[in-house]
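Report on one structure; see the data block that follows.
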Amino acid sequence: MYYPALGKSNTEIAAESRSMHKCQGFGSAGVRGSEPEYLELLKGEMPKEKSNLFEGINTTWSRVPGGAPIGALLAKVEAGFDPNHPEASVPQLMQAFRSMEQLPDGYWKRVKLVEIKNVIQACLGLFHEALATEPSATPGESIAFRVEVIQRLGAPIVLENVGFTSLSADTAFALTLKVNQRVNWSARSALPKDMPLSDPYWLREHHPIGLYTVSDQVLRGLPETPRQLKAQFRYSIAGVPITFESEVAYKDTDPVRGEVYQPFEITPPVYAQLDRKVYIFASAASQKVQVSVKAGKQAVSGNVRLEAPQGWKVEPLQVPFQIKRKGEEVQLSFTVTPSAGPSDGMLTPYAAVEGKEYHQALVQVKYDHIPVQTVFADAHSRAVRLDLRKEGTKVGYIAGAGDDVPDNLRAIGYEVTMLRGNELNADNLRQFDAVVTGVRAYNTNDDLQFRQSQLLEYVKNGGTLLIQYNTNSELRVPVAEMGPYPFRISRDRVTEEDAEMRLLQPGHPALNFPNKITPADFEGWVQERGLYFPDQWDKNYEALLSCNDQGETPKDGALLVAKYGEGHFVYTGLSFFRELPSGVPGAFRLFANLISIGKAPKP
């Protein structure tokens, strides 16, 4: 269907909507013209009039007990509506509003009261808002408000009073609003000391994978945590009392975007955050750990301690801090010594202020198309003491779509050099024990379409090339030319992170040197096993691992290794880009083996 007022069709609008799914690359072109859509009857009776899918279903006000007169009144409003003078419809709309209020409580009453209030406000050209002068405050803190009210279409409307939920501030007016003349005033009040924080309710409690823990049943299903601080604007319109409620917000003027609103947040007085999400200890040597402490209000002071796994040592026991300005940060340093043997656990900073400890980190998600999202995340980071051996030290890394694998390789002692352009030649690559390509490098890195032959020459001369997963579309290098022998990339993936991992060739050097790989090394993996596994490959490749989601066929292409000339070619769809940043010990051990391949002592 084509909409003349918009100059667009359904399918063009749908393409724009799909193209907003940025993170998965769902952009699509608009299609014009009619296209058939097919619907299948699963339950119920087939509509007699097949052009009307809702035939026989009552969608009118008569379905609500006592609602028929309201429906008749609203039909008159619609028939007589003048878009140039919407305020002329307000008296009848207020009659309908008063009739809705008198209905027995029920779902449709609650829904329609909200909707008719929106219509009345629009028809009046009524604008009101209450803004905090800062984007956040802590419980018990005094905050200042700016309030504005204006009506712009000349209907008789009286502002009776303005109040705030959770606060003692309440202002009485009995003021007749003049057409297009603003009413502004300021107020100040202290927040309750026990006011709850405004963070997402579903993240407040620890939860298992794929299932949130929400103790308060009333909150379940809500898209956001209900805001405790709201302004209530009470009016008399056409002699009928009506109250509009709006959340207190914060507004700023951006030099580019102009007027920008964001939610007003109730926050902790202090945040604590570690400088890394995962700390890898490849030996028993101590490491420095930095704790960033940020003030959520003016003039905050206290002490920070760092909690470590059992058997680990932290020095000093606590560090004092004092911060003068809200938003200011200080850096505190601790020395952490791991356990003697393999272990892992959490490092958690606790900031004590006025007798209460806080362990939240501040995380803000900012995009132009959504309001700012503020999350108070647990500040813990994973600490892993590895049982790890490795051969070789120098790794060349070719960036793909972006991952943290290089930093994680450096954390276990590798010297990682990022490579691009003319550096990708066989003579230069000779210095590296292994060359690794980042995730989706062959989908995103234009250098590879001109340098693949040099990479394979490096392998032929004795090097190790490790390619991480790529998708099977929009490849810069044809998959037939990606390896020394042909293979095919499929869409096969294993999404169950705890799926059984079977060792197809347990005696293969890649699974034994320098670390002995067993099924235990695949415990604790996160999110998935891997993706875009090859499903066909030349006989020169050796498939080392097999896994599958429940009810599906085995996927044997998770890890392919081939000898080529004097060197080794490795292709893997295993999700190392997720496992290494998450500190999964077995992933580090296997990756070290793949880098070390070919370096085992000759028998």
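The values are calculated or read from the model by the stated rules, or taken from the named source; none is laboratory data. Please read these numbers as outputs of a predicted model, since none were measured by experiment. Cβ: placed from backbone, ideal geometry, glycine included. Neighbour counts: every protein chain shown.
For the reader, a short list of remarks on this structure follows.
- Annotation: of all residues in region 282-302 being polar (S, T, N, Q), over 30 Å from the mean Cα position of the chain (by Cα) and within 26 Å of S339 (Cα to Cα), the one that is surrounded by the most Cβ atoms within 10 Å (Cβ to Cβ) is Q287.
- Hey, G557 at pLDDT below 95 and either of a type in the set (D, E, K, R) or within 26 Å of Y442 (Cα to Cα) (or both) or not: no
- Test for R305: is it of a type outside the set (A, V, I, L, M, F, W, C), touching a Leu at 6+ places or on another chain (Cβ under 7 Å) and either buried (at least 17 other Cβ atoms within 10 Å of the Cβ) or farther than 28 Å from F281 by Cα (or both): yes
- Residue in region 79-86 that is surrounded by 15 or more Cβ atoms within 10 Å (Cβ to Cβ) and touching a residue at least 12 places away in the same chain (Cβ under 8 Å) present: yes
- Among the residues of region 296-328, those identified as part of a strand (DSSP E or B), within 14 Å of A352 (Cβ to Cβ) and of a type in the set (A, V, I, L, M, F, W, C) are V300, V304, L306, V319, F321, I323.
- Residue match in region 31-40 (condition: charged (D, E, K, R), surrounded by 10 or more Cβ atoms within 10 Å (Cβ to Cβ) and farther than 30 Å from A122 by Cα): yes
- Some residue of region 37-54 being closer than 30 Å to E474 by Cβ and either assigned to a loop (DSSP other than H, G, I, E, B) or hydrophobic (A, V, I, L, M, F, W, C) (or both): yes
- Among the residues listed as V363, V314, V375, V330, the single one being outside the structural domain of V248 (by TED's automatic domain parsing) and touching a residue at least 40 places away in the same chain (Cβ under 8 Å): V375
- Breaking point among (1) part of a strand (DSSP E or B); (2) touching a Gly at 6+ places or on another chain (Cβ under 9 Å); (3) exposed (fewer than 12 other Cβ atoms within 10 Å of the Cβ), for G341: (1)
Conditions (1) touching a Ser or Thr at 6+ places or on another chain (Cβ under 9 Å); (2) modelled with pLDDT under 95; (3) surrounded by fewer than 17 Cβ atoms within 10 Å (Cβ to Cβ); (4) not small (G, A, S), marked per residue:
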residue: Y485; (1), (2), (3), (4): no, no, yes, yes
residue: I489; (1), (2), (3), (4): yes, no, no, yes
residue: R502; (1), (2), (3), (4): yes, no, yes, yes
residue: N512; (1), (2), (3), (4): no, no, yes, yes
residue: T518; (1), (2), (3), (4): no, no, yes, yes
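- Among the candidates N10, N58, residue that is surrounded by 13 or more Cβ atoms within 10 Å (Cβ to Cβ) and more than 30 Å from G154 (Cβ to Cβ): N10
- Output for region 406-422, where each listed residue is over 20 Å from F569 (Cβ atoms) and part of a helix (DSSP H, G or I): P406, D407, N408, R410, A411, G421, N422
- Any hit, region 422-439, residues being within 25 Å of R488 (Cβ to Cβ) and of a type in the set (F, W, Y): no
- Filtering region 138-163 to residues that are surrounded by 20 or more Cβ atoms within 10 Å (Cβ to Cβ), out of contact with any Asp or Glu (no Cβ under 8 Å at 6 or more places or on another chain) and among the aliphatic types (A, V, I, L, M) leaves V149, I157, L159.
Condition check ((1) under 36 Å from the mean Cα position of the chain (by Cα); (2) of a type outside the set (G, A, S); (3) within 30 Å of A285 (Cα to Cα)) across all residues:
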position	(1), (2), (3)
G413	yes, no, yes
V416	yes, yes, yes
L429	no, yes, no
N443	yes, yes, no
N470	yes, yes, no
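- Region 1-15: number of residues that are hydrophobic (A, V, I, L, M, F, W, C) and part of a loop (DSSP other than H, G, I, E, B): 3
- Condition met for D387 (in contact with a Pro (Cβ under 7 Å, 6 or more places away or on another chain), over 21 Å from Q468 (Cα atoms) and surrounded by fewer than 17 Cβ atoms within 10 Å (Cβ to Cβ)): yes
Every residue, every condition in (1) surrounded by 17 or more Cβ atoms within 10 Å (Cβ to Cβ); (2) more than 21 Å from the chain's Cα centre (by Cα), yes or no:
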position	(1), (2)
V248	yes, yes
D252	no, yes
P255	no, yes
T267	yes, no
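- The lone exception for G551 - which of (1) surrounded by 19 or more Cβ atoms within 10 Å (Cβ to Cβ); (2) at positive phi it fails: (1)
- In this structure, S28 does satisfy being under 43 Å from the mean Cα position of the chain (by Cα), more than 23 Å from F244 (Cβ to Cβ) and either at pLDDT 95 or above or surrounded by 12 or more Cβ atoms within 10 Å (Cβ to Cβ) (or both).
- Test: E481 is in contact with an Asp or Glu (Cβ under 8 Å, 6 or more places away or on another chain) and not β-branched (V, I, T): no
- Each residue in region 344-384 was checked for being within 30 Å of A592 (Cα to Cα), surrounded by 15 or more Cβ atoms within 10 Å (Cβ to Cβ) and aliphatic (A, V, I, L, M), and 4 of them qualify.
- Subset of region 224-240 (residues that are of a type in the set (A, V, I, L, M) and either more than 15 Å from L124 (Cα to Cα) or in a strand (DSSP E or B) (or both)): L229, A231, I237, V240
- When region 63-76 is limited to residues that are under 44 Å from the mean Cα position of the chain (by Cα) and surrounded by 14 or more Cβ atoms within 10 Å (Cβ to Cβ), the one that is nearest to Q151 (Cα to Cα) turns out to be L74.
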